[in-house]
Amino acid sequence: RMSAWDRSCHIHTSSSRRFRLRNSSRSRRRLRCHWPRWTLVALATWIAVDQTRRHLIGPVDRPQPAVPFVLHFESSTGSSWLMELLGARPDACVVGFEPIDNITMSSPADHAARIRWLRTLWSPSATSVEAWESWQQQLLRASVFGQRHVIRTSLHRCSRQRARAFGLKARLSRLLSHPTSVPALAALMRGSGARMLRLSRRNRIKQAMAEYNRLHAGRGQFVAAATYTSNASRPRPASVHVHLDRFRQALRAVERSHRLSTRLLEALEGVAVLHIDYEDLLGDTERTMTAVANFLELQTGGLAPP
(Lines give C-alpha, C1' and ligand atoms only; values in the text may rest on other atoms or scores of the structure.)
Protein backbone atom coordinates (compact mmCIF):
# COMPACT_ATOMS: atom_id res chain seq x y z
CA ARG A 1 0.00 0.00 0.00
CA MET A 2 1.29 3.48 -0.90
CA SER A 3 1.07 6.49 1.37
CA ALA A 4 -0.23 9.87 0.18
CA TRP A 5 3.37 10.99 -0.47
CA ASP A 6 4.06 7.78 -2.42
CA ARG A 7 0.96 8.33 -4.55
CA SER A 8 1.95 11.96 -5.20
CA CYS A 9 5.42 10.85 -6.23
CA HIS A 10 3.88 8.04 -8.34
CA ILE A 11 1.79 10.54 -10.28
CA HIS A 12 4.67 12.86 -11.17
CA THR A 13 7.16 10.23 -12.29
CA SER A 14 7.51 8.15 -15.41
CA SER A 15 5.70 4.85 -15.64
CA SER A 16 8.90 2.85 -16.05
CA ARG A 17 10.74 4.18 -12.95
CA ARG A 18 8.13 5.41 -10.56
CA PHE A 19 9.96 5.04 -7.25
CA ARG A 20 12.54 2.87 -5.55
CA LEU A 21 12.56 1.73 -1.95
CA ARG A 22 15.75 1.05 -0.05
CA ASN A 23 16.01 -0.54 3.35
CA SER A 24 12.43 -1.74 3.54
CA SER A 25 12.37 -1.68 7.33
CA ARG A 26 9.42 0.40 8.47
CA SER A 27 11.50 2.69 10.68
CA ARG A 28 14.17 3.57 8.10
CA ARG A 29 12.22 3.59 4.86
CA ARG A 30 13.49 6.02 2.25
CA LEU A 31 11.75 7.03 -0.94
CA ARG A 32 13.67 8.30 -3.95
CA CYS A 33 11.54 10.14 -6.50
CA HIS A 34 12.48 10.83 -10.08
CA TRP A 35 11.16 14.34 -10.81
CA PRO A 36 10.01 15.21 -14.35
CA ARG A 37 12.41 17.08 -16.59
CA TRP A 38 10.33 20.29 -16.74
CA THR A 39 10.52 20.65 -12.95
CA LEU A 40 14.31 20.43 -12.97
CA VAL A 41 14.54 22.95 -15.84
CA ALA A 42 12.29 25.41 -13.98
CA LEU A 43 14.33 25.05 -10.79
CA ALA A 44 17.64 25.58 -12.63
CA THR A 45 16.22 28.67 -14.40
CA TRP A 46 15.07 30.21 -11.12
CA ILE A 47 18.49 29.67 -9.53
CA ALA A 48 20.26 31.24 -12.53
CA VAL A 49 17.99 34.30 -12.50
CA ASP A 50 18.47 34.79 -8.77
CA GLN A 51 22.26 34.54 -9.06
CA THR A 52 22.25 37.04 -11.94
CA ARG A 53 20.16 39.51 -9.94
CA ARG A 54 22.50 39.26 -6.97
CA HIS A 55 25.51 39.79 -9.20
CA LEU A 56 24.07 42.87 -10.94
CA ILE A 57 22.31 44.73 -8.11
CA GLY A 58 23.69 43.05 -5.03
CA PRO A 59 21.74 41.68 -2.11
CA VAL A 60 18.46 43.26 -1.08
CA ASP A 61 19.12 46.14 1.32
CA ARG A 62 17.78 45.61 4.81
CA PRO A 63 17.49 48.54 7.21
CA GLN A 64 20.23 48.45 9.82
CA PRO A 65 19.64 49.62 13.37
CA ALA A 66 20.85 53.14 14.08
CA VAL A 67 23.95 53.69 16.21
CA PRO A 68 23.31 56.76 18.43
CA PHE A 69 26.34 58.67 19.69
CA VAL A 70 27.39 61.91 21.32
CA LEU A 71 30.78 63.60 21.34
CA HIS A 72 31.35 64.88 24.88
CA PHE A 73 34.20 67.36 24.70
CA GLU A 74 36.19 69.93 26.59
CA SER A 75 37.18 73.36 25.34
CA SER A 76 39.97 73.60 22.75
CA THR A 77 40.35 69.87 22.16
CA GLY A 78 39.65 69.70 18.42
CA SER A 79 35.97 68.74 18.68
CA SER A 80 34.95 70.76 15.63
CA TRP A 81 37.63 69.07 13.57
CA LEU A 82 36.57 65.60 14.72
CA MET A 83 32.93 66.31 13.89
CA GLU A 84 33.97 67.66 10.51
CA LEU A 85 35.74 64.37 9.75
CA LEU A 86 32.69 62.39 10.84
CA GLY A 87 30.32 64.66 8.93
CA ALA A 88 32.20 63.98 5.69
CA ARG A 89 31.18 60.32 5.87
CA PRO A 90 27.96 59.27 4.10
CA ASP A 91 27.24 56.66 6.78
CA ALA A 92 27.20 59.23 9.60
CA CYS A 93 24.43 61.76 10.23
CA VAL A 94 26.09 64.54 12.23
CA VAL A 95 24.13 67.53 13.51
CA GLY A 96 26.20 70.69 13.96
CA PHE A 97 27.28 72.93 15.51
CA GLU A 98 26.34 72.42 19.17
CA PRO A 99 22.56 72.13 18.86
CA ILE A 100 21.69 71.81 22.57
CA ASP A 101 24.46 73.92 24.14
CA ASN A 102 22.67 77.21 24.79
CA ILE A 103 24.44 78.44 27.91
CA THR A 104 21.52 80.68 28.91
CA MET A 105 19.15 77.70 29.22
CA SER A 106 20.09 75.76 32.36
CA SER A 107 16.82 75.14 34.22
CA PRO A 108 15.44 71.63 34.89
CA ALA A 109 12.87 72.20 32.13
CA ASP A 110 15.67 73.10 29.72
CA HIS A 111 17.55 69.92 30.60
CA ALA A 112 14.36 67.90 30.04
CA ALA A 113 14.05 69.54 26.61
CA ARG A 114 17.64 68.52 25.85
CA ILE A 115 16.88 64.91 26.72
CA ARG A 116 13.73 64.96 24.56
CA TRP A 117 15.78 66.31 21.66
CA LEU A 118 18.36 63.57 22.09
CA ARG A 119 15.65 60.92 22.23
CA THR A 120 14.26 62.19 18.92
CA LEU A 121 17.68 62.36 17.24
CA TRP A 122 18.54 58.85 18.36
CA SER A 123 15.26 57.37 17.05
CA PRO A 124 15.44 58.00 13.29
CA SER A 125 12.91 56.43 10.95
CA ALA A 126 14.29 55.61 7.50
CA THR A 127 11.72 53.06 6.32
CA SER A 128 10.32 55.50 3.76
CA VAL A 129 10.80 59.04 2.51
CA GLU A 130 7.68 60.13 4.38
CA ALA A 131 8.89 58.62 7.65
CA TRP A 132 12.33 60.20 7.18
CA GLU A 133 10.85 63.66 6.58
CA SER A 134 8.51 63.27 9.53
CA TRP A 135 11.45 62.43 11.80
CA GLN A 136 13.33 65.52 10.62
CA GLN A 137 10.33 67.73 11.28
CA GLN A 138 9.96 66.32 14.79
CA LEU A 139 13.62 67.07 15.46
CA LEU A 140 13.25 70.64 14.22
CA ARG A 141 10.16 71.20 16.37
CA ALA A 142 12.08 69.94 19.40
CA SER A 143 14.97 72.36 18.70
CA VAL A 144 14.29 75.13 21.19
CA PHE A 145 17.92 76.12 21.79
CA GLY A 146 18.45 78.13 18.62
CA GLN A 147 20.57 77.20 15.60
CA ARG A 148 17.56 75.77 13.80
CA HIS A 149 19.01 76.78 10.44
CA VAL A 150 22.24 74.90 11.20
CA ILE A 151 20.25 71.85 12.27
CA ARG A 152 18.15 71.94 9.09
CA THR A 153 21.28 72.23 6.95
CA SER A 154 22.91 69.32 8.76
CA LEU A 155 19.86 67.09 8.32
CA HIS A 156 19.74 67.96 4.63
CA ARG A 157 23.21 66.40 4.24
CA CYS A 158 22.19 63.13 5.94
CA SER A 159 21.56 60.16 3.67
CA ARG A 160 18.41 58.18 4.41
CA GLN A 161 19.73 55.07 2.68
CA ARG A 162 23.30 55.11 4.02
CA ALA A 163 23.32 56.87 7.40
CA ARG A 164 24.08 54.47 10.24
CA ALA A 165 25.44 56.59 13.10
CA PHE A 166 23.40 59.56 14.35
CA GLY A 167 24.99 62.04 16.71
CA LEU A 168 26.15 65.47 17.78
CA LYS A 169 28.69 67.13 20.02
CA ALA A 170 27.59 68.56 23.34
CA ARG A 171 28.87 69.62 26.75
CA LEU A 172 26.68 67.19 28.63
CA SER A 173 28.30 68.18 31.90
CA ARG A 174 25.86 71.10 31.93
CA LEU A 175 23.24 68.61 33.10
CA LEU A 176 25.10 68.26 36.40
CA SER A 177 23.41 71.47 37.57
CA HIS A 178 20.21 69.51 38.24
CA PRO A 179 20.28 66.28 40.29
CA THR A 180 17.72 64.30 38.25
CA SER A 181 18.91 65.27 34.78
CA VAL A 182 21.99 63.04 34.64
CA PRO A 183 20.12 59.86 35.75
CA ALA A 184 17.53 60.59 33.05
CA LEU A 185 20.33 60.98 30.49
CA ALA A 186 21.97 57.75 31.65
CA ALA A 187 18.67 55.86 31.34
CA LEU A 188 18.15 57.23 27.83
CA MET A 189 21.66 56.31 26.69
CA ARG A 190 21.48 52.81 28.13
CA GLY A 191 18.00 52.22 26.72
CA SER A 192 18.85 53.44 23.23
CA GLY A 193 22.34 51.96 23.14
CA ALA A 194 23.88 55.41 22.67
CA ARG A 195 27.67 55.58 22.75
CA MET A 196 29.92 58.36 23.92
CA LEU A 197 33.10 59.73 22.38
CA ARG A 198 35.00 61.50 25.16
CA LEU A 199 37.50 63.99 23.73
CA SER A 200 40.12 65.54 26.00
CA ARG A 201 43.70 66.77 25.91
CA ARG A 202 46.73 65.48 27.78
CA ASN A 203 48.67 68.75 27.76
CA ARG A 204 46.53 71.09 29.87
CA ILE A 205 48.95 74.01 29.51
CA LYS A 206 48.63 74.02 25.73
CA GLN A 207 44.89 73.53 26.11
CA ALA A 208 44.73 76.57 28.38
CA MET A 209 46.78 78.59 25.89
CA ALA A 210 44.41 77.65 23.07
CA GLU A 211 41.48 78.62 25.28
CA TYR A 212 43.22 81.88 26.12
CA ASN A 213 43.67 82.69 22.44
CA ARG A 214 40.08 81.79 21.67
CA LEU A 215 38.50 83.76 24.49
CA HIS A 216 40.79 86.78 24.87
CA ALA A 217 42.73 87.21 21.66
CA GLY A 218 39.82 86.47 19.33
CA ARG A 219 41.54 83.70 17.42
CA GLY A 220 41.03 79.99 17.81
CA GLN A 221 43.46 77.23 16.98
CA PHE A 222 41.93 76.60 13.53
CA VAL A 223 42.08 80.26 12.55
CA ALA A 224 45.73 80.43 13.58
CA ALA A 225 46.51 77.16 11.80
CA ALA A 226 44.89 78.38 8.59
CA THR A 227 46.88 81.61 8.76
CA TYR A 228 50.22 79.84 8.98
CA THR A 229 49.51 76.99 6.56
CA SER A 230 48.21 79.33 3.86
CA ASN A 231 51.62 81.02 3.66
CA ALA A 232 54.44 78.60 4.41
CA SER A 233 57.11 81.29 3.96
CA ARG A 234 55.63 83.40 6.73
CA PRO A 235 57.77 82.94 9.87
CA ARG A 236 56.11 81.79 13.07
CA PRO A 237 56.48 84.34 15.89
CA ALA A 238 59.20 83.45 18.37
CA SER A 239 57.14 84.57 21.36
CA VAL A 240 53.64 85.68 22.20
CA HIS A 241 52.75 88.23 24.87
CA VAL A 242 50.39 86.64 27.39
CA HIS A 243 48.39 88.44 29.99
CA LEU A 244 49.07 86.31 33.08
CA ASP A 245 45.79 87.00 34.87
CA ARG A 246 43.78 86.08 31.79
CA PHE A 247 45.88 82.98 31.20
CA ARG A 248 45.32 81.94 34.81
CA GLN A 249 41.60 82.35 34.23
CA ALA A 250 41.77 80.17 31.10
CA LEU A 251 43.73 77.52 33.00
CA ARG A 252 41.12 77.44 35.77
CA ALA A 253 38.38 77.10 33.16
CA VAL A 254 40.20 74.16 31.54
CA GLU A 255 40.68 72.39 34.88
CA ARG A 256 37.04 72.93 35.83
CA SER A 257 35.86 71.59 32.47
CA HIS A 258 37.95 68.45 32.97
CA ARG A 259 36.60 67.87 36.49
CA LEU A 260 32.99 68.22 35.35
CA SER A 261 33.58 65.90 32.42
CA THR A 262 35.04 63.27 34.75
CA ARG A 263 32.09 63.60 37.15
CA LEU A 264 29.65 63.09 34.29
CA LEU A 265 31.40 59.93 33.11
CA GLU A 266 31.27 58.50 36.63
CA ALA A 267 27.51 59.07 36.68
CA LEU A 268 26.95 57.39 33.28
CA GLU A 269 27.64 53.87 34.46
CA GLY A 270 26.93 51.21 31.86
CA VAL A 271 27.36 53.54 28.86
CA ALA A 272 29.95 52.59 26.22
CA VAL A 273 32.70 55.23 26.09
CA LEU A 274 35.65 55.67 23.72
CA HIS A 275 38.34 57.99 25.11
CA ILE A 276 40.15 60.10 22.53
CA ASP A 277 43.08 62.43 23.14
CA TYR A 278 43.58 65.48 20.96
CA GLU A 279 47.28 64.64 20.66
CA ASP A 280 46.43 61.23 19.14
CA LEU A 281 43.87 62.75 16.79
CA LEU A 282 46.44 65.26 15.60
CA GLY A 283 49.43 62.90 15.48
CA ASP A 284 47.77 59.88 13.84
CA THR A 285 44.45 60.98 12.40
CA GLU A 286 43.84 57.89 10.28
CA ARG A 287 44.40 55.46 13.13
CA THR A 288 42.22 57.49 15.51
CA MET A 289 39.38 57.77 13.00
CA THR A 290 39.60 54.03 12.33
CA ALA A 291 39.07 53.43 16.05
CA VAL A 292 36.10 55.83 15.99
CA ALA A 293 34.60 54.05 12.96
CA ASN A 294 34.94 50.66 14.63
CA PHE A 295 33.37 52.02 17.81
CA LEU A 296 30.38 53.39 15.85
CA GLU A 297 30.14 50.28 13.62
CA LEU A 298 30.95 52.25 10.48
CA GLN A 299 32.94 51.15 7.48
CA THR A 300 36.66 51.69 7.93
CA GLY A 301 37.48 52.08 4.24
CA GLY A 302 37.74 55.48 2.60
CA LEU A 303 38.34 57.45 5.79
CA ALA A 304 38.78 61.18 5.48
CA PRO A 305 42.44 62.12 5.13
CA PRO A 306 44.18 64.12 7.89
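The values are calculated or read from the model by the stated rules, or taken from the named source; none is laboratory data. Quick caveat: nothing in here was measured; it's all calculated off a predicted structure. Note: ideal-geometry Cβ built from the backbone for every residue, glycine included; neighbour counts use all protein chains shown. The protein model used for the area step is the full one, side chains on, heavy atoms only, and it has no ligands, DNA or RNA in it. Shrake-Rupley method; radii C 1.70, N 1.55, O 1.52, S 1.80 Å.
The table below gives the values:
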{"quantity": "Matching helices (runs of 4 or more DSSP H) fully within the stretch 60-141 where at least 2 residues are over 30 Å from residue 202 (Cβ atoms) and at pLDDT 95 or above", "calculated": "108-121, 129-141"}
{"quantity": "Residue 37 vs. criteria out of contact with any Leu (no Cβ under 8 Å at 6 or more places or on another chain), open to solvent by 70 Å² or more (accessible area, probe 1.4 Å) and modelled with pLDDT of 90 or more", "calculated": "no"}
{"quantity": "When residues of the stretch 194-204 are limited to those that are open to solvent by less than 40 Å² (accessible area, probe 1.4 Å) and within 21 Å of the chain's Cα centre (by Cα), the one farthest from residue 82 (Cα to Cα)", "calculated": "194"}
{"quantity": "Within the stretch 120-160, tally of residues that are open to solvent by 20 Å² or more (accessible area, probe 1.4 Å), in contact with a helix residue (DSSP H, G or I) (Cβ under 6 Å, 6 or more places away or on another chain), closer than 18 Å to residue 67 by Cα and not charged (D, E, K, R)", "calculated": "5"}
{"quantity": "Residue under evaluation residue 207, criteria (1) modelled with pLDDT under 85; (2) open to solvent by less than 90 Å² (accessible area, probe 1.4 Å), criterion not met", "calculated": "(1)"}
{"quantity": "Conditions (1) part of a loop (DSSP other than H, G, I, E, B); (2) loosely packed, with under 13 Cβ neighbours inside 10 Å; number of the one not met by residue 287", "calculated": "(1)"}
{"quantity": "Criterion (outside any helix (DSSP H, G or I) and over 22 Å from residue 81 (Cβ atoms)) met by exactly one of 191, 167, 146", "calculated": "146"}
{"quantity": "Matching option when the condition is touching a residue at least 12 places away in the same chain (Cβ under 8 Å), closer than 23 Å to residue 195 by Cβ, open to solvent by 50 Å² or more (accessible area, probe 1.4 Å) and of a type in the set (A, V, I, L, M, F, W, C), among 282, 274", "calculated": "282"}
{"quantity": "Conditions (1) out of contact with any Phe, Trp or Tyr (no Cβ under 9 Å at 6 or more places or on another chain); (2) over 20 Å from residue 92 (Cβ atoms): number failed by residue 142", "calculated": "(1)"}
{"quantity": "Candidate set from the stretch 261-271 (those that are assigned to a helix (DSSP H, G or I) and surrounded by fewer than 18 Cβ atoms within 10 Å (Cβ to Cβ)); member that is nearest to the chain's Cα centre (by Cα)", "calculated": "265"}
